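So the structure is just underneath, and the comments pick up after that.
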Amino acid sequence: MPIGPGANIHEYLSAVNGLPLLAPEEERELGRRLYHHQDLDAARQMVMAHLRFVGHVARSYSGYGLSLSDLIQEGNIGLMKAVKRFNPDVGVRLVTFALHWIRAEIHEFILRNWRIVKVATTKAQRKLFFNLRSQKKRLGWMSNDEVSRVAESLGVKPNEVREMESRLSGQDLGFDPTDADDEETAIRTPANSLEDFSYDPARQFENSSQGENMGANLKNALAVLDSRSQDIIQQRWLIDDTATLQDLATKYNVSAERIRQLEKNALAKVKLAMRTI
């Protein structure tokens, strides 16, 4: 049987619920075979016997809008990590040890995929993300007393509770309207709300004037160079088909390194002249 659920999630859950559980002594024996001898068949048996518990945990996270199949798949990864690290000689049952790893993988998956804009990045925010809904007693925004109570209960600051409440109440908004949006919804999308300054006469004049000024300043700055340095800058920076150092070295009968030095010195003079104009 595959570790992950397929298209028919109900059939998968029914199948894993039918797998036999391990007796305590059988679990210890399989755990020792894996822990001390890296027996992969023992690992497989331990994972298969605990798949049903992943399904139970994954169902408790069904309110985040993610598919149960994906949640189970991530939980199964956590289960396999737990099996790999399980030490049977500690005296703890695998299911108790594995619950932490199963939940941790599901938490990470939810935080990565629940929103395009991440709503929980710090430790306090993660705690709030997974507990705030259950702490709220009613719909709507919480009062100051409710915020203080939740903050004290979860060991976080009141302003962090307010911030997470705001994040959880927000909705992702697409930049462009979709085919399913009605006219009113489509108008509210950012693509139809942002101003386009491309054809603003004032902006066009400002950009044109700025470009002309920069061109004039560059021309005046180049005038401080000798004719050879002007040509080097022109050939290296101001034409489409730029020349190589070797091309200019051949033209002026000097080494490429000498051209590089002349270019460096000329650029420094041009930058200085541009700042003083």
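The values are calculated or read from the model by the stated rules, or taken from the named source; none is laboratory data. Everything numeric in this text was worked out from a predicted model, so none of it was measured. Cβ atoms come from the backbone with ideal geometry, glycine included; neighbour counts cover every protein chain shown. The area values use the complete protein model at the heavy-atom level, side chains included, leaving out ligands, DNA and RNA. Shrake-Rupley method; radii C 1.70, N 1.55, O 1.52, S 1.80 Å.
Things to note:
- Qualifying residue in the range 24-33 (condition: outside any helix (DSSP H, G or I), in contact (Cβ under 8 Å) with a residue 12 or more places away in the chain and either closer than 21 Å to GLY91 by Cβ or open to solvent by 50 Å² or more (accessible area, probe 1.4 Å) (or both)): no
- The range 51-79: number of residues that are surrounded by 21 or more Cβ atoms within 10 Å (Cβ to Cβ) and either more than 29 Å from the chain's Cα centre (by Cα) or touching a residue at least 40 places away in the same chain (Cβ under 8 Å) (or both): 5
- Looking only at the range 221-267, and only at residues there that are aliphatic (A, V, I, L, M) and open to solvent by 60 Å² or more (accessible area, probe 1.4 Å), the one that is nearest to the chain's Cα centre (by Cα): LEU238
- The condition of being more than 17 Å from VAL16 (Cα to Cα), β-branched (Val, Ile, Thr) and open to solvent by 30 Å² or more (accessible area, probe 1.4 Å) holds for only one of VAL90, VAL95, that being VAL90.
- Residues within the range 39-61 that are in a helix (DSSP H, G or I) and in contact with a helix residue (DSSP H, G or I) (Cβ under 6 Å, 6 or more places away or on another chain), tallied: 12
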